[in-house]
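Working notes, structure below.
The values are calculated or read from the model by the stated rules, or taken from the named source; none is laboratory data. Since the model is a prediction, treat every value here as computed from it, not as a measurement. Cβ atoms come from the backbone with ideal geometry, glycine included; neighbour counts cover every protein chain shown.
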Amino acid sequence: MLNGYKYFIKTYGCQANEYDSELIAGILEKFGANSVDNEADADIVIFNTCAVRKNAEDKFYGRLGALKKIKNEKKDMIVIITGCLAQKDYLKISNIEHVDIVLGTHRISQLPTILQELKYNKNKKIVDVDFTGRTEPDIPPRRLSKFSAYVPIMFGCDYYCTFCIVPFTRGKMQSRPKDEIIKEIKELALKNYVEIILLGQTVNAYGIDLKNSYDFADLLYDVSLIDGIKWIRFTSPYPTNFNDKQIKTICSIDKIAKHVHLPLQSGNDEILRKMARRYTVSQFLEVVYKFRELCPNIALSTDIIVGFPYETDEQFQDTLKVVKEVKFDQAFMFAYSEREGTKAATYPQLPLKERLKRLYELISVQNEITIQKNKEYINKVVEILVEGPSDKNPNKLEGRTETNKIVIFDKTDKDLIGQFVKVKITNSYLWGLEGILLNN
């Protein structure tokens with residue numbers, strides 16, 4: 001159907017979008033298309049969009065606007081917009097003249113049918129954002145990595161935090177059957193994949209909607225039994241979904257990487273309540289203490305929003321206090337950005353200048369913590385999975401520890417990409433570590 005066609009995909013946002021782009025690429029290549037590196041060379045252009053933050057939205061609309069000139073020169077080009085922003089703003093996007101298809105987050109499996117329809121009616125604009133439940137295509141994704149794979153275990157979110165658009169763009173929580181997940185990972189192991197990253201909007205809530213006793217801890221255990229898989233990662237969990245069973249499972253199984261992402265969002269109980277987060281600061285800290293009691297060397301990362309509506313300077317100081325107490329290895333920090341359609345967007349907004357002031361102060365505090373945390377690795381020998389050439393230095397290779405620390409080291413004559421190697425750490429930086437490859 002697409003023999004001779006060339007496609008280009010630009011992905012914005014999270015790992016869920018990256019996986020969806022792999023699915024789309026798998027579908028297109030199944031029907032004969034081949035990938036290219038830019039829009040100008042493509043017959044099919046796909047933008048997989050993000051609606052979580054305005055920055056990603058602005059970048060998308062800017063790039064889509066620039067595409068109009070290319071589309072005017074290539075009249076037969078097919079422009080497809082998918083992802084969370086396509087789900088949220090499908091009316092606005094479908095009214096853009098050079099857009100041909102708007103595809104919702106639940107409709108990727110319908111792409112072959114939609115392309116066939118457009119092929120026979122090139123003047124038709126197709127909008128499919130049905131939201132009644134996601135089904136996965138029978139066609140496997142075209143994975144970008146040959147050794148590390150995203151495996152979604154659930155879709156959607158039922159938590160409705162007041163700042164977040166995801167439940168409105170990804171739908172209600174929908175766990176995949178465990179047998180389907182295990183089958184997919186076993187097939188990946190047979191293809192020599194060694195790292196699996198389990199995906200879900202609230203990944204450790206897996207199974208709640210299936211109404212049986214099988215839960216996230218059980219799934220982690222079953223995945224750990226699969227021969228060939230060496231490291232298991234997961235993202236993104238909800239802090240207080242971690243129960244004793246899950247924490248013990250993560251800390252006791254060697255294959256499960258000792259890095260946990262715990263989104264704090266705020267260190268003040270009143271702001272957490274206004275965010276509709278389902279925990280207090282003390283409940284959050286209890287999870288931190290339990291992890292560190294059973295896994296003293298575990299690395300913890302977090303998400304934090306500052307300048308949320310109603311946040312006082314005193315409440316912001318509470319967040320700084322928690323950050324200093326926990327000492328996260330890494331933090332993703334943001335000034336609050338209102339998203340149309342969320343409850344928090346209707347609240348009185350703080351001045352942008354004040355939001356940014358608090359963000360810079362938080363970044364300064366966290367950067368010092370991260371620098372000190374990374375210094376602790378100097379002279380230690382760590383095992384890393386080599387991912388490829390370093391973006392920072394083309395003469396070096398880059399990989400990650402199980403604690404999610406980036407490590408760079410000098411290239412060798414051997415092809416080490418996708419291999420586990422030992423590196424002795426000699427230097428540390430804000431962004432990660434540098435070391436010397438040992439005789440593996």
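Brief remarks on what is shown
- Of the helices (runs of 4 or more DSSP H) lying entirely inside the range 1-118, not one contains at least 3 residues that are among the acidic types (Asp, Glu) and assigned by TED's automatic domain parsing to the domain that holds residue 334.
- When each of 51, 33 is tested for being among the aliphatic types (A, V, I, L, M), under 15 Å from the mean Cα position of the chain (by Cα) and surrounded by 17 or more Cβ atoms within 10 Å (Cβ to Cβ), the lone residue that passes is 51.
- Pairs with Cβ under 8 Å, 6+ apart, first in the range 305-318 and more than 13 Å from residue 361 (Cα to Cα), second surrounded by fewer than 13 Cβ atoms within 10 Å (Cβ to Cβ): 309/348; 310/348
- Comparison of 155, 168, 163 shows that the only residue that is under 15 Å from the mean Cα position of the chain (by Cα) and assigned by TED's automatic domain parsing to the domain that holds residue 233 is 155.
- Qualifying residue in the range 409-427 (condition: within 27 Å of residue 327 (Cα to Cα), out of contact with any Leu (no Cβ under 9 Å at 6 or more places or on another chain) and outside the structural domain of residue 260 (by TED's automatic domain parsing)): no
- Within the range 365-423, the residues that satisfy the criterion of being of a type in the set (Asp, Glu), out of contact with any strand residue (DSSP E or B) (no Cβ under 8 Å at 6 or more places or on another chain) and farther than 30 Å from residue 319 by Cβ are 413, 415.
- Residue satisfying condition, being charged (D, E, K, R), over 28 Å from residue 193 (Cβ atoms) and at pLDDT 95 or above, within set 383, 398, 387, 368: 368
- When the range 279-302 is filtered for residues that are exposed (fewer than 14 other Cβ atoms within 10 Å of the Cβ) and more than 14 Å from residue 244 (Cα to Cα), the ones remaining, listed by number, are 282, 296, 297.
- Yes/no for residue 344 being within 30 Å of residue 51 (Cβ to Cβ), out of contact with any Pro (no Cβ under 9 Å at 6 or more places or on another chain) and among the small types (Gly, Ala, Ser): no
- Number of residues in the range 395-440 that are of a type in the set (Asp, Glu) and part of a strand (DSSP E or B) equals 3.
- Test: residue in the range 385-393 that is assigned by TED's automatic domain parsing to the domain that holds residue 196, touching a residue at least 60 places away in the same chain (Cβ under 8 Å) and not in a helix (DSSP H, G or I): no
- When residues of the range 220-244 are limited to those that are among the hydrophobic types (A, V, I, L, M, F, W, C) and within 19 Å of residue 291 (Cβ to Cβ), the one surrounded by the fewest Cβ atoms within 10 Å (Cβ to Cβ): 231
- Given (1) surrounded by 15 or more Cβ atoms within 10 Å (Cβ to Cβ); (2) of a type outside the set (D, E, K, R); (3) without any contact (Cβ under 8 Å) to a residue 40 or more places away in the chain, index of the condition residue 164 fails: (3)
- As a summary of the residue check, residue 356 satisfies the conditions (1) closer than 30 Å to residue 312 by Cβ; (2) loosely packed, with under 12 Cβ neighbours inside 10 Å except for the one numbered (2).
- In the range 125-134, the count of residues that are within 30 Å of residue 194 (Cβ to Cβ) and either within 20 Å of the chain's Cα centre (by Cα) or assigned by TED's automatic domain parsing to the domain that holds residue 64 (or both) is one or more.
- Scope the range 144-161; condition crowded, with 19+ Cβ neighbours inside 10 Å and within 30 Å of residue 416 (Cα to Cα); matching residues: 147, 148, 149, 150, 151, 152, 153
- Within the set 409, 332, the sole residue that is exposed (fewer than 15 other Cβ atoms within 10 Å of the Cβ) and at pLDDT 95 or above turns out to be 332.
- Residue within the range 407-428 that is β-branched (Val, Ile, Thr) and in contact with a helix residue (DSSP H, G or I) (Cβ under 8 Å, 6 or more places away or on another chain) present: no
- Qualifying position, being small (Gly, Ala, Ser) and touching a residue at least 12 places away in the same chain (Cβ under 8 Å), among 62, 104: 104
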